[in-house]
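Comments concern the structure below.
The values are calculated or read from the model by the stated rules, or taken from the named source; none is laboratory data. What you are looking at is a predicted structure, and each value in this text was computed from that prediction instead of being measured. Backbone-built Cβ (ideal geometry, glycine too); neighbour counts: all protein chains shown.
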Amino acid sequence: MDFQLTPDQKTLCDAVREFGRSLNEGMIERDRDAVFDRARWRECAAFGIQGLPVPQEYGGSGEDLTTTLLAMEALGYACRDNGLVFSLNAQMWAFELPLVHFGSEEQKRRFLPRVCSGELIGAHAVTEPDFGSDAMSMTTRAVRDGDHYVLDGAKTFVTNGPVADVVLLFATVDPALRFAGVTAFLVERDTPGLTLGSAVSKMGLRTSPMGEVAVSGCRVPAANRLGPEGGGTRVFNSAMEWERACIFASHLGAMQRVLEETIVYAKTRKQFGAPISRHAPVADKIVDMKVAIEAGRLLLYKVGAVKDAGGNAILDAAIAKLFVSEAYVRHSLAALQVHGGYGYTTEYQIERELRDAVPGTIYSGTSEMQRKIIARLLGL
């Protein structure tokens with residue numbers, strides 16, 4: 001693997017960092033009030049964030065995966081609005097790329113340019129109230145009726161759900177078929193029978209709206225089916241392979257920012273007549289933070305290299321997701337501990353990093369599910 005950035009990659013990352021800092025004003029208030037800022041979403045689109053992995057013919061910039069990961073790490077470093085960055089990631093990896101890889105030419109040209117421009121927001125709806133990690137046991141039904149499907153059921157924990165213009169929704173044509181019955185549909189916001197629930201109040205990532213999506217007698221044109229009937233499991237697994245690793249590039253950027261801020265604080269905060277950085281317990285925490293970032297980068301960019309070469313990265317993605325998500329929580333806890341009482345206040349914004357880190361061990365498959373995937377692929 002070549003660890004040197006190309007001149008174009010360096011220029012892009014520098015520009016992304018400069019742009020990301022422009023999104024920070026009012027962050028504490030937006031987090032407090034759980035405000036999703038659509039104006040900032042459009043600013044991201046105008047800059048080109050949403051279009052990074054999308055081919056140029058569909059309105060994107062057509063960057064390879066490694067370059068896109070570098071850009072998202074730079075955004076996570078500069079932009080303190082982890083919720084906004086998470087919503088961007090959720091759309092890119094779990095909505096845009098499934099559409100790129102499985103959509104018909106008509107679907108790509110109808111939706112992707114408007115998604116890249118920020119006109120449309122996409123969501124991915126698979127989890128159900130009674131089926132979390134066991135996603136393929138879904139009960140949401142899709143019944144063929146002429147040139148339409150009639151959808152009935154409910155989804156929960158849908159990132160971007162309350163503000164979505166298009167929902168990539170999974171339903172089964174026959175529950176008895178299990179995996180073979182799952183089918184994916186593009187359901188547009190104004191479709192009769194589609195209900196987008198209000199944003200739920202949650203611990204972290206508060207500026208990223210999450211809610212329920214329900215379909216009741218919802219008639220969706222067969223032309224809006226993504227992939228073949230019964231092909232939804234393949235669509236879902238592909239989306240998760242992308243999301244499980246790639247969504248954490250921005251987390252690595254946030255971890256780097258928190259590390260640098262923690263070093264500055266430790267070198268200037270004095271206790272017992274010396275900067276606290278000179279006390280071994282504090283220095284040890286900071287060293288562990290640095291090691292976690294470097295290890296996480298190696299895991300993440302290995303996925304980028306494998307995918308750019310056309311390889312299968314299911315195992316690598318699960319390993320990267322498991323490591324970085326759990327390291328992010330430990331990292332944030334360590335930063336809070338070094339900052340002491342100040343870290344517990346909203347002014348220093350360290351407590352928010354911890355709140356925003358915790359969900360990473362749950363979304364895109366819990367840590368327990370990642371261990372299960374890794375064990376299965378090891379033949380255990």
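Of the helices (runs of 4 or more DSSP H) entirely within region 1-114, those holding at least 3 residues that are among the aliphatic types (A, V, I, L, M) occupy 7-21, 38-47, 65-78, 82-91, 97-102.
Considering only residues that are over 19 Å from the mean Cα position of the chain (by Cα), within 25 Å of Leu205 (Cβ to Cβ) and part of a loop (DSSP other than H, G, I, E, B), which ones fall in region 118-139? The answer is Glu119, Pro129, Asp130, Asp134, Met138. When Leu112, Leu97, Leu65, Leu75 are screened for being under 21 Å from Asp308 (Cβ atoms) and touching a Leu at 6+ places or on another chain (Cβ under 7 Å), only Leu112 passes.
Ile28: of a type in the set (A, V, I, L, M, F, W, C) and in contact with a Leu (Cβ under 8 Å, 6 or more places away or on another chain), yes or no? Against the criterion (of a type in the set (A, V, I, L, M, F, W, C) and in contact with a Leu (Cβ under 8 Å, 6 or more places away or on another chain)), Ile28 does not qualify.
Yes or no, residue by residue, for (1) within 29 Å of Pro53 (Cβ to Cβ); (2) aliphatic (A, V, I, L, M); (3) buried (at least 17 other Cβ atoms within 10 Å of the Cβ); (4) modelled with pLDDT of 95 or more:
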site	(1), (2), (3), (4)
Arg109	yes, no, no, yes
Thr127	yes, no, yes, no
Asp152	no, no, no, yes
Gly161	yes, no, yes, yes
Ala176	no, yes, no, no
Val182	yes, yes, yes, no
Ser198	no, no, no, no
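Suppose we filter region 83-106 for residues that are surrounded by fewer than 19 Cβ atoms within 10 Å (Cβ to Cβ) and not hydrophobic (A, V, I, L, M, F, W, C); how many remain? Residues that pass the stated criteria total 4. When region 25-74 is limited to residues that are hydrophobic (A, V, I, L, M, F, W, C) and over 21 Å from Glu119 (Cα atoms), the one that is nearest to the chain's Cα centre (by Cα) turns out to be Leu69. Looking only at region 46-58, residues that are surrounded by fewer than 21 Cβ atoms within 10 Å (Cβ to Cβ) and among the small types (Gly, Ala, Ser) come to 2 in all. Would you say Pro209 is buried (at least 20 other Cβ atoms within 10 Å of the Cβ) and touching a strand residue (DSSP E or B) at 6+ places or on another chain (Cβ under 9 Å)? Answer is yes for this residue. Among the residues making up region 129-150, a single one is surrounded by 20 or more Cβ atoms within 10 Å (Cβ to Cβ) and of a type in the set (Val, Ile, Thr): Thr140. Does Arg355 count as assigned to a helix (DSSP H, G or I) and more than 18 Å from Met240 (Cβ to Cβ)? So Arg355 passes the test.
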